[in-house]
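Peer 1: Mind looking over this structure? Questions follow.
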Amino acid sequence: MKKMMAIAGLLFFVTQQANAQFNNDSLKAQLIKDWERAKAYTAEYLAAMPADKYTAKPVDGIRSFSEQMLHLAQGTIGLSANGTGKTRIYPGYNMEKSATAQSKDSVTYYVNASYDFAINGIKEMNAATLSELVKRGNLNESRLSWILKAHEHQTHHRGQCTIYIRFQGVTPPAEKLF
């Protein structure tokens with residue numbers, strides 16, 4: 001019995017220490033670090049694709065490289081806005097379908113703007129609000145959840161672009177996990 005009480009006491013102590021070291025401010029700092037890494041990684045994808053191939057599609061019926069990256073940008077803006085509380089940039093503008101947004105320069109501009117929007121929104125938000133619930137449509141998720149979903153979304157679509165780059169005979173950027 002004394003041994004079990006000692007183990008329980010030790011577990012309580014370790015848990016309290018872990019909780020003291022991990023707080024919303026450190027979570028916010030990690031989110032910023034991960035988003036900055038994601039921006040740099042995506043920039044490598046944008047640079048790797050030849051400018052004259054931005055409208056190329058591996059097969060008919062799917063998005064072009066530019067549409068894929070612009071979809072990534074719109075998702076980053078919308079989902080991160082839900083999490084950070086910032087007012088969306090480019091409201092009502094469907095950049096993915098805009099003929100004038102399809103060039104390498106335009107795509108690069110919008111994608112970078114979307115990452116800057118997410119990163120600055122996280123930097124400016126009060127870390128204590130990460131657990132607050134935000135309702136959008138049928139979803140009622142924490143601010144943290146919206147930010148994580150935005151990150152998941154951009155990761156998914158950047159990953160899809162690997163095949164687009166390979167179809168052009170170009171080696172895609174190496175993974176940037178850290």
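The values are calculated or read from the model by the stated rules, or taken from the named source; none is laboratory data. Quantities reported herein were computed from a predicted structural model and do not represent experimental measurements. Positions of Cβ are generated from backbone atoms using ideal geometry, with glycine treated the same way; all protein chains shown enter the neighbour counts. Quick note on the areas: whole protein, heavy atoms, side chains included, nothing else; ligands and nucleic acids left out. Shrake-Rupley method; radii C 1.70, N 1.55, O 1.52, S 1.80 Å.
Peer 1: Counting each DSSP H run of 4 or more residues in the chain as -39500 (n - 2.57), what helix-only mean residue ellipticity at 222 nm follows after dividing by all residues, to the nearest 500 deg cm²/dmol? Each step should come with its number before you reach the end.
Peer 2: Working: 5 runs with 111 residues, N = 178.
Result for the chain, helices only: -22000 deg cm²/dmol.
Peer 1: Among the listed pairs Lys57/Lys176; Lys33/Lys97; Lys28/Lys149; Lys86/Lys176; Lys104/Lys176, give every one whose C-alpha distance is greater than 20 Å.
Peer 2: With Cα atoms farther than 20 Å apart: Lys57/Lys176; Lys33/Lys97; Lys86/Lys176; Lys104/Lys176.
Peer 1: Could you state the angle between the C-alpha long axis of helix 2-21 and the longest principal axis of the C-alpha atoms of the chain, as a value from 0 to 90 degrees rounded to the nearest 10?
Peer 2: Tilt relative to the chain: about 40 degrees.
Peer 1: Related question: Could you list the GluC sites (Glu not before Pro) in segment 89-178 that lie in coil according to DSSP, counting only those with at most 10 other Cβ atoms within 10 Å of their Cβ?
Peer 2: Answer in residue order: Glu175.
Peer 1: Here is a follow-up. For the chain, give the magnitude of the charge dipole about the Cα centre (Cβ charges: +1 Lys/Arg, -1 Asp/Glu; no others), in debye to the nearest 20.
Peer 2: 400 debye
Peer 1: Please give the net charge around Lys104, taking every other residue with its beta carbon less than 15 angstrom from that of Lys104, where Lys and Arg add +1 and Asp and Glu add -1.
Peer 2: Values: positive: Lys53; negative: Glu44, Asp52, Glu67, Asp105.
Local net charge: -3.
Peer 1: Using θ = phi - 60° and the Karplus form 6.51 cos²θ - 1.76 cosθ + 1.60, what ³J(HN,Hα) does each residue of segment 49-57 get, whole Hz, x for Gly and Pro?
Peer 2: Couplings: 6, x, 4, 7, 10, 4, 8, 6, 10 Hz.
Peer 1: At 1.4 Å probe size, with the rest of the protein present, what percent of the exposed accessible area of the chain is carbon and sulfur atoms?
Peer 2: 57 percent
Peer 1: Can you tell me the FRET efficiency between Lys176 and Asp52 if r is taken as the Cβ-Cβ distance and R0 is 30 Å, rounded to the nearest 0.05?
Peer 2: Once rounded, the FRET efficiency stands at 0.70.
Peer 1: Here's something else I'd like to know. Using the charge dipole of the chain (Lys, Arg: +1 at Cβ; Asp, Glu: -1 at Cβ; taken about the Cα centre), state which of Asn24, Thr55, Gln168 has its Cα farthest towards the positive end.
Peer 2: Asn24
Peer 1: How about segment 67-138: which chymotrypsin sites (Phe, Trp or Tyr not before Pro) there are in a DSSP loop, with at most 14 other Cβ atoms within 10 Å of their Cβ? Walk me through the intermediate numbers first.
Peer 2: Values: sites: Tyr93, Tyr109, Tyr110, Tyr115, Phe117; in loops: Tyr93.
When the chymotrypsin sites (Phe, Trp or Tyr not before Pro) of segment 67-138 are filtered for loop state and at most 14 Cβ neighbours within 10 Å, Tyr93 remain.
Peer 1: Keeping all protein chains in place, calculate the accessible area per residue for the chain (probe 1.4 angstrom), answer in Å².
Peer 2: Numbers: 10160 Å² over 178 residues.
Result: 57 Å² per residue.
Peer 1: With 23 Å as the cut-off, how large is the P(r) tail for the chain, expressed as percent of Cα-Cα pairs?
Peer 2: Values: 7644 of 15753 pairs.
That fraction is 49 percent.
Peer 1: To the nearest 10 square angstrom, how much accessible area does Thr155 have with a 1.4 angstrom probe?
Peer 2: So the heavy atoms of Thr155 present about 60 Å² to solvent.
Peer 1: Follow-up. Quick one: which residues, 5+ away or cross-chain, put their amide H under 5 Å from the amide H of Ser142? H built at 1.01 Å from N.
Peer 2: Those qualifying (amide H under 5 Å, at least 5 residues apart or on another chain) are Val134.
Peer 1: Separate question: With a sphere of radius 10 Å drawn around the Cβ of Phe178, what net charge do the other residues whose Cβ falls strictly inside it have (Lys, Arg +1; Asp, Glu -1)?
Peer 2: +1
Peer 1: For Ala56, enumerate residues with amide H under 5 Å from its amide H, sequence gap 5+ or separate chain, H modeled in the peptide plane.
Peer 2: When sequence neighbours closer than 5 places are left aside, the close amide H contacts are Phe65, Ser66.
Peer 1: Which angle between 0 and 90 degrees, to the nearest 10, do you get for helix 104-124 versus the longest principal axis of the chain when only C-alpha atoms count?
Peer 2: 20 degrees
Peer 1: Still on this structure, please answer the following. Tell me, what ³J(HN,Hα) does each residue in segment 62-68 have, in order and in whole Hz, if you take phi through Karplus 6.51 cos²θ - 1.76 cosθ + 1.60 with θ = phi - 60° and put x for Gly and Pro?
Peer 2: Couplings: 10, 5, 6, 4, 5, 4, 4 Hz.
Peer 1: List the trypsin sites (Lys or Arg not before Pro) in segment 92-178 that DSSP assigns to loop (not H, G, I, E or B) and whose Cβ has at most 16 other Cβ atoms within 10 Å. Which are they? All intermediate terms of the calculation are to be shown ahead of the outcome.
Peer 2: Values: sites: Lys97, Lys104, Lys123, Lys135, Arg136, Arg143, Lys149, Arg158, Arg166, Lys176; in loops: Lys176.
When the trypsin sites (Lys or Arg not before Pro) of segment 92-178 are filtered for loop state and at most 16 Cβ neighbours within 10 Å, Lys176 remain.
Peer 1: Can you give the convex hull volume per residue for the Cα atoms of segment 73-178, as a whole number of Å³? Numbers along the way, then the final one.
Peer 2: Working: hull volume 13.1 nm³, N = 106.
Taking only Cα atoms, segment 73-178 has a hull volume of 124 Å³ per residue.
Peer 1: In sequence order, what are the phi-derived ³J(HN,Hα) couplings for segment 76-90 according to the Karplus relation 6.51 cos²θ - 1.76 cosθ + 1.60 with θ = phi - 60°, rounded to whole Hz, with x for glycine and proline?
Peer 2: Result, rounded to whole Hz: 4, 5, x, 5, 5, 4, 4, x, 8, x, 6, 6, 4, 8, 6.
Peer 1: Just going by the charge dipole of the chain, with Lys and Arg at +1 and Asp and Glu at -1 on Cβ, which of Ala99, Tyr110, Gly75 is farthest out on the positive end?
Peer 2: In the chain, that residue is Gly75.
Peer 1: Please quote Rg/Rh for segment 69-125 to two decimal places, taking the Kirkwood radius as Rh and restricting both calculations to Cα atoms. Let's see the in-between values first.
Peer 2: Numbers: Rg = 11.0 Å, Rh = 11.3 Å.
Rounded to two decimals, Rg over Rh is 0.98.
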